[in-house]
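**Student:** Take a look at the following structure, please.
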Amino acid sequence: MRIQDIFSKKHRDFLKKQAEGGSLSPTKMALQRFNSNKLAVASLAVIAFFALVAILGYLITPDHTPNCNQQYLELSTLKPFSKATFVCLRTPDLQSEKHNVLHRMLFGEQLPYTAIPIYSHENVGDSVVVETFTGSTPNDGERHVYHKDEVVKIKTRTFILGTDAYGRDLLSQIMIGSRVSLSVGFIAIAIALLIGITLGALAAYYGKWVDNLIMWLINVVWSIPTVLLVIAITFALGKGFWQVFVAVGLTMWVDIARVVRGQVFSIKEKEFVEATRALGYSTFRTIFRHILPNITGSIIVIAASNFASAILLEAGLSFLGIGVQPPTPSWGAMVKENYGYILLDNAYLALLPGAAIMIIVLAFMLLGNGIRDALDIKGK
C-alpha cells in the first residue's frame with residue numbers, strides 16, 4: 001500500500017502540473033518565453049534604467065541647474081574623477097525661488113549662491129583669503145579677501161566623468177541628454193503609430209480605391225530618403241525641441257502602415273470579422289475593437305525597432321545642428337561639440353555620449369527581437 005500511495009501521489013502531482021501547464025493563457029506563455037530570453041530581459045533592464053534616470057532628472061544629477069549648464073571655464077576638459085574646490089559666496093542680487101520637488105525634477109533649480117573655483121584658501125581672522133584657480137602650472141591665480149559673512153561655504157566637488165570644453169559636468173549632461181533621446185522615441189512613435197495604424201487598417205479593410213490611394217501615398221513617402229525628409233520637415237517647422245519630435249514622427253509611419261495593412265489583409269475575412277459585420281457593428285468598432293487587438297504583437301515589434309531608429313535620427317539631426325538646440329543637452333550635439341577631441345587625449349568626451357546612443361539603440365533592437373520570438377507561437 002505504501003508503494004501504491006507513493007505512485008498515486010506522483011501521478012496526482014504529474015496531472016496537476018499538466019493541468020497547470022495546459023491552463024496557461026497565451027499571454028502567460030509569451031511572458032514565459034520572454035523571461036527565458038536573457039538578452040531581452042537585460043535589454044529591458046537597461047531601458048528601464050535609462051528611463052528612470054530620465055524621469056528623475058535633476059533630482060539625481062550632480063549639476064542641478066537648468067540644462068546642467070553651470071559653466072566653469074577654468075575647469076574645462078578635466079579628467080574623470082578630478083576634484084575641484086569652490087568658494088560659495090552670497091549674492092544679494094540673486095533671488096533663489098523655492099520650488100516643489102516636481103518642478104525641480106523637471107526643470108532644475110538655480111544655485112542660491114555664486115560658486116568660484118579656487119586653488120587654495122586660508123582663514124585670517126574674520127576673513128577668508130582665497131587664490132582663484134587658473135589651471136596653469138604654477139597656478140598664479142588672483143588673491144581675494146572675503147569676509148566670513150559673505151562666504152556660504154567652501155566645498156570640494158568630484159567630477160566623475162570630468163568636464164567638457166565649457167567646464168560643464170559631463171555626467172550631468174549625459175544623464176539629462178537621455179531625456180531627449182527617450183522623449184523623441186516615445187512622442188515620435190506615438191505620432192507614427194497614430195498615422196500608420198489608421199492608414200494601414202483603412203487601406204486593408206476597404207481595399208479598392210482607398211487602398212490604391214493610401215498605397216500611392218506610402219510609396220511616395222517611401223521613395224524619399226528618410227534623413228532628407230526629416231531635414232526638410234525640420235526646416236519647415238523650425239529648429240527646436242518639439243519640432244524634432246514631430247519631424248521624426250511624420251517620417252516613421254510608413255513602416256507601420258505597411259505592416260498593419262498586410263496583417264489586416266490576412267484576417268479581415270476571418271469568421272469573427274464576418275460576425276461583426278452581420279451584427280451591424282460600425283467600421284470603427286470592427287477595426288479598432290476586433291481586428292487591431294489581433295495584430296498587437298506585430299505592432300509592438302515594429303514600434304520597438306522604430307524607437308531605435310528615432311533615437312538615431314534625433315542624434316543625427318542634433319549632430320548636424322538642426323535638432324535640439326543648445327543649451328539643451330543632447331547626445332548627438334555632445335558628439336558634435338567634442339568630436340575634435342577624438343584625436344587628442346580627451347576622446348572620451350565624444351565617445352561617452354556615443355556609447356550611450358549605441359547602448360540604448362542596441363537595447364531596443366534586442367528587446368524587439370525578444371518580443372518577436374516570444375510572440376512567435378508557430379516557431380515554438
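**Student:** How large is Rg over Rh for the chain, taking Rg from the Cα atoms and Rh as the Kirkwood inverse mean of 1/r across Cα pairs?
**Tutor:** Using only Cα positions, Rg/Rh for the chain is 1.14.
**Student:** Related question: Quick check on my link table: of K208/K268; K208/K270; K98/K153; K83/K153; K98/K336; K98/K155, which ones sit more than 24 Å apart, alpha carbon to alpha carbon?
**Tutor:** Going by Cα-Cα distance, K98/K336 fall outside the 24 Å limit.
**Student:** I would also like to ask the following. Quick one: net charge around L171, please, counting Lys, Arg +1 and Asp, Glu -1 for every other residue with C-beta under 15 Å from its C-beta.
**Tutor:** With Lys, Arg at +1 and Asp, Glu at -1, the neighbours total +2.
**Student:** Same structure, new question: Taking N as the number of residues in the stretch 254-319, what is its Cα Rg relative to 2.2 N^0.38 Å?
**Tutor:** 1.48
**Student:** Lys and Arg at +1, Asp and Glu at -1: add these up for the other residues within a Cβ distance under 12 Å of L78 and post the number.
**Tutor:** Once positives and negatives cancel, what remains is +1.
**Student:** Of I191, I233, I116, which has the largest mean-square fluctuation in a 10 Å C-alpha GNM of the chain?
**Tutor:** I116
**Student:** Something else about it: Using the 10 angstrom Cβ neighbour count as an exposure proxy, how do C88, C68 rank, fewest first?
**Tutor:** In increasing order of surrounding Cβ atoms, one gets C88, C68.
**Student:** So for L56, L78, L375, fewest C-beta neighbours within 10 Å to most, what's the order?
**Tutor:** Starting with the residue having the fewest Cβ neighbours, the order is L56, L375, L78.
**Student:** Under 5 Å between amide H atoms, partner at least 5 residues away or on a different chain: which partners does G323 have, H built in plane at 1.01 Å?
**Tutor:** S318
**Student:** Work out, in µm²/s and without decimals, the Stokes-Einstein translational diffusion coefficient of the stretch 66-159 at 37 °C, 0.692 mPa s, Rh from Kirkwood over C-alpha pairs.
**Tutor:** Rounded to a whole number, D works out at 220 µm²/s.
**Student:** Taking springs between alpha-carbon atoms closer than 10 angstrom, which of T163, T132, T251 fluctuates most in the Gaussian network model of the chain?
**Tutor:** T132
**Student:** Run through all the Cα pairs of the stretch 233-365 and give the fraction in each 5 Å bin from 0, expressed as whole percent.
**Tutor:** All Cα pairs, binned at 5 Å, distribute as 2, 9, 15, 14, 13, 11, 9, 8, 6, 5, 3, 2, 1, 0, 0 percent.
**Student:** In addition: From the C-alpha coordinates alone, can you work out the Kirkwood hydrodynamic radius of the stretch 156-282, in Å?
**Tutor:** 17.6 Å is the Kirkwood radius here.
FYI, it's all coordinate maths here, none of it is from the lab. A quick note: this is a predicted structure, and the numbers were derived from the prediction, not measured. Heads up, the Cβs are rebuilt from the backbone with ideal geometry, glycines too, and the neighbour counts pull from every protein chain shown.
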